[in-house]
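First the structure, in the form of structure tokens, and then the observations on it.
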Amino acid sequence: MKIIETKKAPAAVGPYSQAVEINGFLYASGQIAIVPEVGEIVSSDIEGQAEQCCKNIGEILSAAGMDFSNVVKTTCFLADIADFKKFNAVYEKYFVSKPARSCVAVKDLPLGALCEIEIISAK
């Protein structure tokens, strides 16, 4: 098992790794819209937050020698299901290979985030 860590994505806000690679699979922890350089969420709308989530995921994938085409499964969490259409408009720009996906609304997300995305990728 190999721990994947990059300073180009937010540091973990708890006792976990950004991602773990094992047997050719990458399991990435959920990414919220924290901007790594400032350590906080700077966007207040779903589009801006979804964009930052995807940028963070891209950096983690890159650190593992992968890209968005390697993603086989995503799990997406929305603080408000009414944001589903706006979230998808950003999501589809990055996940063009259309991996399997679950998308659910949740009561709350860390740091008041509007969305969170976690991925599983394969080499």
Filtering segment 31-57 for residues that are open to solvent by 20 Å² or more (accessible area, probe 1.4 Å), within 18 Å of Thr6 (Cα to Cα) and within 10 Å of the chain's Cα centre (by Cα) leaves a count of 2
Flagged in segment 51-73 as part of a helix (DSSP H, G or I) and touching a Phe, Trp or Tyr at 6+ places or on another chain (Cβ under 8 Å), in numbering order, are Cys54, Ile57, Gly58, Leu61, Phe68
Has segment 103-112 got at least one residue that is more than 21 Å from Ala9 (Cβ to Cβ), out of contact with any Pro (no Cβ under 7 Å at 6 or more places or on another chain) and open to solvent by less than 50 Å² (accessible area, probe 1.4 Å)?
yes
In segment 113-123, residues that are of a type in the set (Gly, Ala, Ser) and either open to solvent by 60 Å² or more (accessible area, probe 1.4 Å) or assigned to a loop (DSSP other than H, G, I, E, B) (or both) total 1
Counted residues in segment 78-112 being part of a helix (DSSP H, G or I), of a type in the set (Gly, Ala, Ser) and within 17 Å of Ile32 (Cβ to Cβ) come to 1
The residue that is surrounded by the fewest Cβ atoms within 10 Å (Cβ to Cβ), considering only those in segment 63-88 that are more than 17 Å from Glu118 (Cβ to Cβ) and touching a residue at least 40 places away in the same chain (Cβ under 8 Å), is Gly65
Flagged in segment 18-30 as open to solvent by less than 40 Å² (accessible area, probe 1.4 Å) and either touching an Asp or Glu at 6+ places or on another chain (Cβ under 7 Å) or over 24 Å from Leu114 (Cα atoms) (or both), in numbering order, are Gln18, Val20, Glu21, Gly24, Leu26, Ala28, Ser29, Gly30
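The values are calculated or read from the model by the stated rules, or taken from the named source; none is laboratory data. The structure presented is a predicted model; accordingly, all values stated were derived computationally and were not measured. Positions of Cβ are generated from backbone atoms using ideal geometry, with glycine treated the same way; all protein chains shown enter the neighbour counts. Heavy atoms of the whole protein, side chains included, go into the accessibility calculation; ligands, DNA and RNA do not. Shrake-Rupley method; radii C 1.70, N 1.55, O 1.52, S 1.80 Å.
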